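Structure first, commentary second.
The values are calculated or read from the model by the stated rules, or taken from the named source; none is laboratory data. Only a predicted model underlies this, so the values are computations on that prediction, with no experimental measurement involved. Glycine also receives a Cβ, built like all others from the backbone with ideal geometry; neighbour counts cover every protein chain displayed. Surface areas here come from the heavy atoms of the whole protein model, side chains and all, with no ligands, DNA or RNA. Shrake-Rupley method; radii C 1.70, N 1.55, O 1.52, S 1.80 Å.
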Amino acid sequence: MLIFYIILGLFLQFFEVSGFKALPSSLYGGDYYYQMGSVSHILSGGNPFESSSMVGGIPGYLPLYGILCAGFCKLFSLDAFNGMIYFSLVIFAFSSILWFQTFKKIFKNEWVSLIGVILSNGISIYPILKYTEFTEQIMIPLFILALYLTFTHKKSVNYAFLGIIYGLLAISHTVAFVGATLIIATFMTYEICEKYKFNKINGIKSYLKENWKNLGIFSIFGFPLSLLYWYKPIFVYKLVNTYDKMHMDTLDVGRLDIQINYVKNSFLNYFLNFKSLSEGFITLMLIFGIYLLIFKRNFHKKEVFINLFVIGSIIATYCYFITEPLLKMNFIPTYMSSFYIYPSAVLFSIYTLKYINEKLRDNSRKLKCITLSFGLLFILLTANSVSSFVEQPSENPWLPLAYLEIPECYASLDMYLEKNTAVNEVILSSKMLSSVVNSVTGRKVMVNHWAQQNDPYIDLPQRDIDAAIIFYGNNTAKKLELIKKYNVSYLFWNYYWVDTEYKFTENGEIKNSDPLITYSKEYEKNTLIENNISFFELNSWVNPGLRGENIRKYDLLFVSPENYRYSNKSWYLGLDPYLRELNSTENYKNSVKPWKEDLDPYLEEVWNYSADGQKIAILYKINIE
C-alpha cells in the first residue's frame, strides 16, 4: 500500500509540474525564486555556506536543500528551475519512506504507520520548492527516528546518528535546529531527574558517568556540522543583530494579546478542527489519545517518548512567554509549531490508532474487520489528500503563474551574466529588481528584500542608505567610495524600476512598495540630509508583503521618488501632501536613468533588451579606475 501511495503521489505531481514554465510564486520577491537563486548560486560554483545574494553574508535560506537540489541538477543535467520542480518528486518518495519507517519503529505496526504517512506527508502539500518544507518532510522524521533510537537503546551508533541529524538540522533550518536543541534538553532533563529518584545527591554525576561516552560521540558528530552555519553568527558577529529581523514579518509575540491569541488559535486548530477529513480525524484521535495517556498507569518506553516529545515541542513553541519579557526575542512559534507541534499531534493520533488496533486484535474473529477498517481509512484519507491536491488551482492564487513564461529579458540577462561574470560579482539596482536578478542568475547584489535576505547580521539598513547615496547623493567622491566598498561591478535598470519601489492607488494611497528604507533615527536622517537625499517618515511595516495588525510596525525613513532624475515636481516631506500631489508614476517611467547624472560617466552599457524598438532593460558595467 505504501508503494501504491508513493506511485500515486509521483504521478499526480509529475502531471502537474511537467507543465510548469515558471515557479508558482511572484517573480518580484517570491520565496521560491529566492530559493532558485540559492540553487543557481551553488550551480555556478558559489560557496553554499555563504549568502547566495550578498558578499560576506550568511545563507539566508539555509543550504542543505540547495546543496542536495544542486547535486540533483548536476546528476541529471538540469537547470535550477527544472531541478527544483523535479527534485520535489524525490522529496515526496523519500519522505514517505522516512515517515513510514519512523512510525513503524515506534509503533511496530505497518497499518498505523501507513496512516501516519498520509497524515504527515500528504500529497496536497506538494510540490515542495523551498528549504522550510524540505526540513519538515525530510529532516523532522529523521530527527524523531534518531531521538527515539537513542532514548530506547543507549548505543553509540544511535548517538552518532542523532549527532549527524542534529548537525544537519543546523544547515537545514535555524528554527528546527533550535527546537531540536530544546527537545533534546527536555529528554536529558527527564533522564537526569530519573537518576535523582535513586540518588538525590549525585544524580547529575551518575548520569554523566553512565552517558559520557555517548554524549561525547553525539558532540563529535553534531557540533562540527552545526558550526558550518553557526560559526559566523557566534564567533564573528557575536549574535549581535543589525536590525530587528525577528519581529518585522512574523506574528508580534512580544505583545501579550498576540501571545494569548496564538495559544487559543493553536488549541482550536488541533482540538476543534473539522475543516477537512484528515484534520477532523487528527482532532478526534488526538483527544482520545490524550485521554488514554492521562488515565494510563504504567508507561512503556513508547508512551514516555511521546509524552516527552510533546512536552519538548510545547516548550520550544510557546517559550516566548519567557524569552520575550527577558530577552526581547522568540523562536518564531509559527514555524516551530509546523516543525514539532503538528508531528506531536500525529504521534498522538497514531498512538490512538495503535490502541484501537490492539483492542480489536484481542478478538481473533475481528482480524478481517481490522484489515477492512484500516484499508477503508487509508482509501478515505488518500482520497481526501488527492482531492485537496486537485483543488489547488482554485485555492492557490500563485499557481497560475507557474504556467506563464519568465519574461524573456531575464532569460537573456541570465545568459549574458553566466558567460561574462563570476558568481560573486555584485550588481546594483532597486531592491525588487535586485531580487529578480539574484533569483534568475544567482549573482550577488548590493541591496535586497530584508525579509528574504534573512540575515540579521548584515547591516541591511545601512546598505539601503548607501545605495540611496550612490543613486541620488550630491557627493560624487562618496558615491565612488561606496561602489568600491561594496565591490559593485554592474548596475541594472529595467523600465519597471519605479513600480518596484512605489505604487499608488487612484486616491493617492501607497501600496505594495519596496523602496530603499532605514530606521528613523537622527544619524540616518542627518546622513540623508547631508547628501541632499529627499525622504519622508512613516510608521509602517518593513516587509511590504506582510502587513496587518499582528505584524510589528516601525518608524521608518523612506527614500522619496522626488530623487528620481527628471522629476519635474516637488513635494513637502510630509507624506499626506506628497500623496495628494502624486496621481501616478507614469511620468517617471520615461526616466531611463533615475539616478543622478554624475554617475553616467562611469557607466558603460554592455547588454540591453528591447521591445517595440525601445530598450526596456539595460545592464551597465561600472568602470572606476
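Over 31 Å between Cα atoms: which of 130/328; 105/328; 419/525; 21/419 fall into that group? Spell out each step's value before the answer.
Numbers: 130/328 28 Å; 105/328 40 Å; 419/525 41 Å; 21/419 23 Å.
Correct reply: 105/328; 419/525.
In this structure the chain gives 44 Å² per residue of accessible area when probed at 1.4 Å with all protein chains present. Note on region 409-473: the alpha carbon radius of gyration divided by the globular reference 2.2 N^0.38 Å gives 1.14. Output the 0 to 90 degree angle, nearest 10, between the alpha-carbon long axis of helix 408-420 and the longest principal axis computed from the alpha carbons of the chain. Taking the Cα atoms of the chain, the angle to 408-420 is about 90 degrees. Treating each Cα of region 241-345 as one equal point scatterer and applying the Debye formula with no solvent, the log10 of I(q)/I(0) at q = 0.10, 0.11, 0.20, 0.23 Å⁻¹ comes out as -0.35, -0.42, -1.08, -1.25. Cross-link check: pairs 264/521; 245/485; 104/296; 245/593 evaluated at a Cα-Cα cut-off of 30 Å; pairs beyond the cut-off: 264/521; 245/593. Could you give the angle, 0 to 90 degrees to the nearest 10, between helix 31-43's Cα long axis and the longest principal axis of the Cα atoms of the chain? Helix 31-43 sits at roughly 90 degrees to that axis.
Just from its helices, what would the mean residue ellipticity at 222 nm be for the chain, if runs of 4 or more DSSP H residues each count -39500 (n - 2.57) and the sum is divided by every residue, rounded to the nearest 500 deg cm²/dmol?
Numbers: 27 runs with 355 residues, N = 625.
Mean residue ellipticity at 222 nm (helix-derived): -18000 deg cm²/dmol.
With the gyration tensor restricted to C-alpha atoms of the chain, the semi-axes of the equivalent ellipsoid amount to 49, 27, 24 Å, longest first. Whole-Hz Karplus values for region 96-105 come out as 4, 5, 4, 4, 4, 5, 5, 5, 5, 5 Hz, taken residue by residue from phi with 6.51 cos²θ - 1.76 cosθ + 1.60 and θ = phi - 60°; glycine and proline positions read x. Taken over the Cα atoms of region 308-445, the convex hull encloses 229 Å³ per residue. Qualifying GluC sites (Glu not before Pro) in region 355-443, where qualification requires a DSSP coil assignment and no more than 11 other C-beta atoms within 10 Å, comprise 391, 405. Rg ratio for region 226-279: its Cα radius of gyration over 2.2 N^0.38 Å, N being its residue count, equals 1.78. Between residue 236 and residue 540, the simple spin-label model (points 7 angstrom out along Cα→Cβ) gives 3.2 nm.
Histogrammed with a bin width of 10 Å, the alpha carbon distances of region 24-124 distribute as 15, 34, 28, 18, 4, 0 percent, first bin at zero.
If you wrap a convex hull around the Cα atoms of region 370-457, how much volume per residue is inside, in Å³? Before the final figure, lay out each step's value.
Values: hull volume 17.1 nm³, N = 88.
It is 194 Å³ per residue.
On a 0 to 90° scale, report how tilted helix 63-75 is relative to the longest principal axis of the chain, with both axes built from alpha carbons and the result rounded to the nearest 10. Tilt of helix 63-75: around 80 degrees. Taking amide H as placed 1.01 Å from N in the peptide plane, residue 535 has its amide H under 5 Å from the amide H of 560, each at least 5 places away in sequence or on another chain. For residue 516, the amide hydrogen comes within under 5 Å of the amide hydrogens of 559, counting only partners 5 or more places away or on other chains and with H modelled in the peptide plane. For region 410-549, the extents of the C-alpha atoms along the principal axes are 44, 35, 30 Å, listed from largest to smallest.
For region 44-199, the C-alpha radius of gyration sits at 1.19 times the compact-globule guess of 2.2 N^0.38 Å, with N the residue count.
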